[in-house]
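Nothing in this text is a laboratory measurement; each read-out follows from the coordinates by a stated rule. Everything quoted here is computed from the prediction, not taken from an experiment. Note that each Cβ is placed from the backbone with ideal geometry, even for glycine, and that neighbours are counted across all protein chains shown.
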Amino acid sequence: MNTEKIIVPLDVPTITEAIALIDQLPQVSFWKVGLELFVSTGPEILTQLKQRKKRIFLDLKFHDIPNTVAGACRAASQYGVDLITIHATAGKVALKAAQKALEDGAKVADKPVPNLIAITLLTSLNSRELAFDLKIPLELPEYALQMALLAQESGLAGAVCSPQEVEQLRRTCGDDFLLVCPGVRPTWAEKGDQQRSFTPSQALKAGADYLVIGRPITASEDPVAALQRIFEEIS
Ligand SMILES: O=c1ccn([C@@H]2O[C@H](COP(=O)(O)O)[C@@H](O)[C@H]2O)c(=O)[nH]1
């Protein structure tokens, strides 16, 4: 059973709830720490995950001017996490500065360099919002591709994209470009605010390296059974 490809987000407000989930699902080796938990509780959860020998996706989605994202990346590189996110729309100068700061910071901290991956377009947005609210004149798949190419040209390790765009990004960006897909929903799960979803097996077949699957597992009455059902679907 391939459990390595699933990243489960710890989208809870307290360390106690986060640790309860980690301990309830020992077969999960890769956990995501996002804005809710990090803003609520700080870096303590990263220490807890490290002690349990888990891989960590620090999903703080940096989006700021080059000097500021570089500072944030330099600081984040001390934690020894595996993945870090930045919005591609921060622009090429910021993406390059962030990548360089991660490399410099990791060297100083004597840690491996985390893979920096760029958000192409949040999976909660649809084509209508892209065109009419964000006033982006490109078709959505083309826009996501251009954001991934910007990340690749800037020297980043990969991108975050919806599973609906992953096949095209994989074809264009190649096999070495890391593609991480949130917005994954088994047929039996609520979509919630995710607007461009695929099932876990569709997403893997389309070329995703990792699937981020949260509420179908963590909000389930029985997270262990939900995870098992997903493992069975993809194995
Ligand atoms: O485009 C994006 C980027 C990040 N996310 C994050 O992934 C998880 C998805 O959780 P679900 O409960 O499976 O919807 C969540 O932490 C988001 O912050 C995303 O959904 N889309």
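Under Stokes-Einstein, with the Kirkwood radius over Cα pairs standing in for Rh, what whole-number D in µm²/s applies to region 178-227 at 4 °C and 1.567 mPa s? If you can, show how the numbers build up before the last one.
On the way: Rh = 11.1 Å.
My calculation gives 117 µm²/s for D.
Sort 44-53, 24-33 for me by packing, meaning the mean count of neighbouring Cβ atoms within 10 Å per residue, highest on top.
24-33, 44-53
Could you grab the relative contact order for the chain? Cα pairs under 8 Å, six or more apart, rounded to a whole percent.
Worked out over the chain, it gives 17 percent.
With a 10 Å cut-off between alpha carbons and a GNM built on the chain, which of Pro186, Pro137, Pro112 moves the most?
In the Gaussian network model the winner is Pro137.
Tell me, in nm to one decimal, what length is gained between Ser220 and Leu134 on full extension, where the rule is 0.36 nm per residue of separation less the Cα-Cα distance?
So the chain would gain 27.6 nm between Ser220 and Leu134.
In whole Å, how far is the Cα centre of region 1-71 from that of region 112-127?
Centre-to-centre (Cα) distance: 15 Å.
Give me Rg/Rg_expected for region 111-165, where Rg uses Cα atoms only and Rg_expected = 2.2 N^0.38 Å with N residues.
For region 111-165, the normalised Cα radius of gyration comes out at 1.24.
Along the positive direction of the dipole of region 73-175 (beta-carbon charges: Lys, Arg +1; Asp, Glu -1; about the Cα centre), which of Cys73, Thr123, Leu149 reaches farthest?
Of the options given, the answer is Cys73.
Would you please put 90-96, 117-123 in order of how densely packed they are, using the mean number of other Cβ atoms within 10 angstrom per residue and starting with the highest? Kindly include the intermediate steps, with their values, before the conclusion.
Working: 90-96: 19.0, 117-123: 24.1.
Peptide ranking by packing, descending: 117-123, 90-96.
Over the Cα atoms of region 58-139, what Rg and Dmax result, in angstrom?
14.3, 46
Among 178-184, 102-108, what's the highest-first ranking by average C-beta atoms within 10 angstrom per residue?
My ranking of the peptides, most packed first, is 178-184, 102-108.
Quick one: give the max-minus-min coordinate of the C-alpha atoms of the chain along each principal axis, largest first, in Å.
Sorted largest first, the three principal extents are 45, 41, 32 Å.
Averaged over all directions, how much area does the convex hull of the C-alpha atoms of region 103-221 cover when projected, in nm²?
9.0
In terms of the ratio Rg/(2.2 N^0.38 Å) built on C-alpha atoms, what value belongs to region 1-101?
1.12
Which FRET efficiency, nearest 0.05, do Val108 and Ile19 yield, Cβ-Cβ r, R0 45 Å? Mind dumping the intermediate values first?
On the way: r = 30 Å, r/R0 = 0.66.
With a Förster radius of 45 Å, E is 0.90.
How much mean residue ellipticity at 222 nm does the chain get from its helices, if each DSSP H run of length 4 or more adds -39500 (n - 2.57) and you divide by all residues, to the nearest 500 deg cm²/dmol?
Roughly -12500 deg cm²/dmol at 222 nm, from the helical runs in the chain.
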